[in-house]
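As structure tokens, the structure follows; a few thoughts come after it.
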Ligand SMILES: Nc1ncnc2c1ncn2[C@@H]1O[C@H](COP(=O)(O)OP(=O)(O)OP(=O)(O)O)[C@@H](O)[C@H]1O
Ligand SMILES: [Mg+2]
């Protein structure tokens, strides 16, 4: 005979099992369920992947596994691989990263490279679309290969690249016997904080095409990810922290994420509950490490001529790649105190080809150039003075310093920010670090160990806890083009359209507003269809960079962003069919939710930022 207490225990046990089962089933079907976070840091110059299990994260958040690539012997760094893709004549994937570089160089050597599509540093295209005067980013935007003779849809290049990382990760999880199903992986993709909404949407579209389901995908903003990582690091791993609590509640600091393409800046304050709050909207420019390479290239071209460099690139593509790979090594090697010259290894064919083409020796060309005091040709090497070498960094340093100065000493001076956190690969540069220290002597400059991996590792942490960034600042004012009843005391005459005023910028959020994570209430507005038979309402969404939001969508500084389509319920006689539209601003992507007024039911609402302007 069983006793009552045992019976109770038995019932309790069944009940617990049952609730665990219900919880398990609901987690399994919910998009929030995951056991592993995998982050893809898709960089302009270098990319990487890293992961951590949910249970590992609970025990030690900094326990993150970074995938390493077998790099060529001349390159020491292998936690990231070059953002370079190689496709065959049918545009099928061949290789990515170091492997793509080596394979293409081999094909070029055997003169078998003509049919291949080789493309590098293509992420910059998505930043360039931010600049005014450049065509809109759409699903039809094309990218040229290294020869600039072939082109391909950008979306395909991005999705093939992301697919490479996805498949590699899935293979790794499988091979290591980690015991995680592919459907249990939460994917995090990094994007610069200052990217536009179309560029972010482009990345999510590419990821979906690569086989990552939308509900398992998150975007992490690069400087935020780096800031999260540093805030979780032990002090010993933060050079310059000086034993002081950089990340104590109430502390404010500027995050300088200097990558290959862009320098992305945000300002954070540590909240009481140890989360991070953005104090100033993200900003930055194209002063990344690539601008150093570009300056080197520009100066070489001034000596040998643009036409010669172009011919060399096309004829000896493998050697051309090697030329800049060697520069990458030199760029990463600190100059010693009493170094007299920096030696650049030059491709074997360069001087011979120059002589054939130009009918004079390369040595002579250098001697007769404006840089004859700063460089000379010796054997098969180019030797340049350290001062000239440092000069390659000048443009990048000036761009960064001016921008940071403007933020710290002008725009944000009332915040009294005393710390600069330097992250991103380019922040590892002793030349850049020295310059920042010299220009901001009253600020504490903190650089984490392996600054170049901070974004990648931080993206993993963000995947586990996206609420860490509790508050952000709106970069633009967002609004919907709408009609209002015409009132001649407030509206312009030329905007009159029957009884209405057209082109009104119906503001959903103002630039500079504080956005609390997932705070959807702020932008809730009601709209009504014009016609009774209408089943979908399409809205034109606009943004403005002006300090004060515009009155009309045609005002200066106002830009067309894209469309918002909302499904309407079936018409019922005598019933109005209004919809409430809530734009959700606090996250890393702009989201939207629409609710029918008639029945309070949520209805489908989607943004399309990648279409052409109507
Ligand atoms: N020790 C170093 N000294 C100088 N430059 C460096 C050093 N280490 C890396 N870099 C430069 O930093 C850049 C790469 O940084 P990172 O990997 O953070 O950029 P990315 O992720 O490719 O670019 P982005 O974040 O802009 O998309 C390259 O230009 C590289 O040459
Ligand atoms: Mg990066």
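Just so you know, all these numbers are worked out from the coordinates, no wet-lab data involved. Not measured: the values here are computed from a predicted model. Note that each Cβ is placed from the backbone with ideal geometry, even for glycine, and that neighbours are counted across all protein chains shown.
Descriptive notes on the structure:
- Cα-only Debye scattering, the range 339-443: base-10 log of I(q)/I(0) at q = 0.13, 0.21 Å⁻¹: -0.66, -1.08
- Gain on full stretching of the segment that runs from residue 273 to residue 597 - 0.36 nm per residue minus C-alpha separation: 112.9 nm
- Considering only alpha-carbon pairs that sit under 8 angstrom and 6 or more positions apart, the relative contact order computed for the range 290-390 is 28 percent.
- Inter-label distance, nm, simple model (7 Å from Cα along the C-beta direction), residue 214/residue 324: 3.6
- Estimated D of the range 392-507 in µm² per second, where Rh is the Kirkwood radius over Cα pairs and Stokes-Einstein applies at 25 °C, 0.890 mPa s: 131
- Both numbers refer to the Cα atoms of the range 136-196; Rg and Dmax are 15.9, 46 Å.
- A viscosity of 0.692 mPa s and a temperature of 37 °C, combined with the Kirkwood radius over Cα pairs in Stokes-Einstein, give a translational diffusion coefficient for the range 290-390 of 236 µm²/s.
- The value given for the range 434-565 is a Kirkwood hydrodynamic radius of 18.7 Å, derived from the mean inverse Cα-Cα separation.
- Here the sum of -39500 (n - 2.57) over DSSP H runs of 4 or more residues, divided by the residues of the chain, equals -9500 deg cm²/dmol at 222 nm, to the nearest 500.
- Sorting 497, 41 from the fewest to the most surrounding beta carbons within 10 angstrom yields 497, 41.
- Modelled this way, with points 7 Å down the Cα-to-C-beta line, the labels at residue 402 and residue 148 are 2.6 nm from one another.
- Distant alpha-carbon pairs in the range 497-605 (separation over 19 angstrom), percent: 51
- Acute angle (nearest 10 degrees) that the helix 290-304 long axis makes with the longest principal axis of the chain, alpha-carbon atoms: 30
- FRET E, pair residue 496, residue 249, Förster distance 51 Å, beta-carbon r, rounded to 0.05: 0.40
- With neighbour counts taken as other beta-carbon atoms within 10 Å, the residues 302, 112 rank, fewest first, as 112, 302.
- Coarse-grained scattering of the chain at q = 0.07, 0.09, 0.11 Å⁻¹, given as base-10 log I(q)/I(0) from a Debye sum over alpha-carbon atoms: -0.52, -0.83, -1.16
- Note on 333, 385, 340: ascending count of other Cβ atoms within 10 Å places them as 340, 333, 385, the fewest first.
- The label point for residue 412 and the one for residue 301, both projected 7 Å from the Cα toward the Cβ, are 3.5 nm apart.
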